[in-house]
Amino acid sequence: MLGLVIETSCDETAVAIIKEGRELLSNVVSTQIDIHKAYGGVVPEIASRTHTKNISYIVRQAIDEAGVEFSDLTYIGVTYGPGLIGALLVGVSYAKALAYSLNIPLVKVNHIEGHIAANYLTHKELKPPFLSLVVSGGHSHLIYVKDYNEFEILGKTRDDAAGEAFDKVARVLGLEYPGGPLVSKLALEGKAIYNLPKTKFEDSYDFSFSGVKTAVINIAHKEADKLNKADMAASFEENITDVLVNNTLKLMKDKNIDTVVLAGGVSANTVLRSKLKSNCEDLGYNCYIPDLKYCTDNAAMIASSAYYKYSLTEDKSIFDIKNNLQLNAIAHLKVGE
Ligand code: KG4
Ligand code: ZN
């Protein structure tokens, strides 16, 4: 069983080819970061146009690197949401055309579920059920993964996503897009001496990061040239990783869940990785963390999710391309929909 899977939800044009679910034959990621950097963030129109320009080449490269032919493929997979609508549409349209021309099934994948499935590639022994902390540029979710294709959202951000807060704080500190890795690097030179607010909800496992972000902006404006940027980066990183880890551990304790799986672009953060791991070790919980290459957007993780969708669904007619020609991209697609 061979799947060719496409991901174009934001600023990476990515294609992976996967054999029997956990063996990746190729995983090509063409990032547009350098193009968007000049604007301080992703420009949706430019992202769509760049995907359109690149996608045929990236598909060809994935086929060549895998050493397979189009005629060897069993199905095509594609991210259909959530993400930038124009960017998603490029991948969805290309995937539909490819599946139609080869007359093979089309498997639609939710990007967030893909981030979680990245962990099946890193940890061959991992199986649901588990709790997943998904932290990316667009989402911060606590999701109970009951089974490979069954999800329940137990907590989410009420405003900014964790990655979005990193990116906005980076801008205040004069760092380039995407800011998360640069804030983290600068934090290594500083001390967490700034007292920043931590938002907690007594009655839910939701997050809120707009308070800490606003506090950073206000201090930066007040202190102006006197601001110690490295100390601020360290204080912000400590604050946000504490909130993420403490909320996750509280949920695990309350609901008696003993396994947590980290996912999403912010899971590349070294402090978050080590804090979650060491706390879980102390409490006797199992903690799974994805390989760095599967943290930020890639098609391998979407391929992993597509495999479980396709192989575990008995009625394969739902994937028939003729039943999927109307498939549309959904910018605000929810997990489990
Ligand atoms: O999952 P992802 O690639 O895209 C979305 O689905 O949103 O996540 C990108 C986000 C960006 O906000 C980026 O700043 C953040 O992940 N990020 C990090 C790190 N690496 C990427 N945030 C903190 N520390 C990092 N090392
Ligand atoms: Zn993502």
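What follows draws every value from the coordinates through simple rules; no lab data is involved. These numbers come from a predicted model, not from an experiment. Virtual Cβ from ideal backbone geometry, glycine too; neighbours counted across all protein chains shown.
Only lysine pairs 8 or more places apart or on separate chains count here, and in region 216-302 those with Cα atoms under 18 Å apart total 4. For region 43-141, the relative contact order is 25 percent, taking Cα pairs closer than 8 Å that sit 6 or more residues apart in sequence and dividing their mean separation by the residue count.
Hand me the trypsin sites (Lys or Arg not before Pro) from region 139-224 located in a DSSP loop with no more than 16 other Cβ atoms within 10 Å, in residue order please. In loop regions of region 139-224 (DSSP not H, G, I, E or B), the sparsely surrounded trypsin sites (Lys or Arg not before Pro) are ARG158, LYS191, LYS198, LYS200. Which whole-number value in Å³ per residue fits the convex hull of the alpha carbons of region 1-99? That works out to 90 Å³ per residue.
Electrostatic bookkeeping for TYR94 treats Lys and Arg as +1 and Asp and Glu as -1; over the other residues with beta carbon under 15 Å from its beta carbon, the sum is +3.
Among the lysines, which have Cα under 25 Å from the Cα of LYS322 when same-chain residues fewer than 8 positions away are ignored? Partners within reach: LYS19, LYS96, LYS108, LYS309, LYS334. Comparing LEU312, LEU182, LEU131 in a Gaussian network model of the chain where C-alpha atoms under 10 Å apart are linked, the largest mean-square fluctuation is found at LEU312. In terms of the mean number of neighbouring beta-carbon atoms within 10 Å, the peptides 106-112, 89-95, 204-210, 226-232 order highest first as 106-112, 89-95, 204-210, 226-232. Pop out the Kirkwood hydrodynamic radius of the chain from its pairwise C-alpha distances, inverse of mean 1/r, in Å to one decimal. After inverting the mean inverse Cα-Cα distance, the result is 20.4 Å. Taking only the C-alpha atoms of region 196-337, Rg followed by Dmax gives 20.0, 64 Å.
The GluC sites (Glu not before Pro) of region 199-256 that meet both conditions, a loop assignment by DSSP and at most 10 other Cβ atoms within 10 Å of the site Cβ, are GLU202. Per residue of the chain, the DSSP helices (runs of n ≥ 4 H) give a summed -39500 (n - 2.57) that works out to -14000 deg cm²/dmol at 222 nm. Name the long-range amide H neighbours of GLY77: under 5 Å, sequence gap of 5 or more, or other chain; modelled H, no Pro or chain starts. Residues meeting the criterion, in which the H sits 1.01 Å from N, are LEU4, VAL5, ILE6, VAL107. How charged is the neighbourhood of VAL29? Take every other residue with its Cβ under 13 Å from the Cβ of VAL29, and add Lys/Arg as +1 and Asp/Glu as -1. Within the 13 Å Cβ shell, the charges total -4. Residue-wise HN-Hα couplings along region 203-220, as the Karplus relation 6.51 cos²θ - 1.76 cosθ + 1.60 with θ = phi - 60° gives them from phi, are 9, 7, 9, 6, 10, 8, 10, 6, x, 5, 4, 5, 4, 4, 4, 5, 5, 4 Hz; Gly and Pro carry x. Other residues lying with their Cβ under 12 Å from the Cβ of ASN119 contribute a combined charge of 0, Lys and Arg counting +1, Asp and Glu -1.
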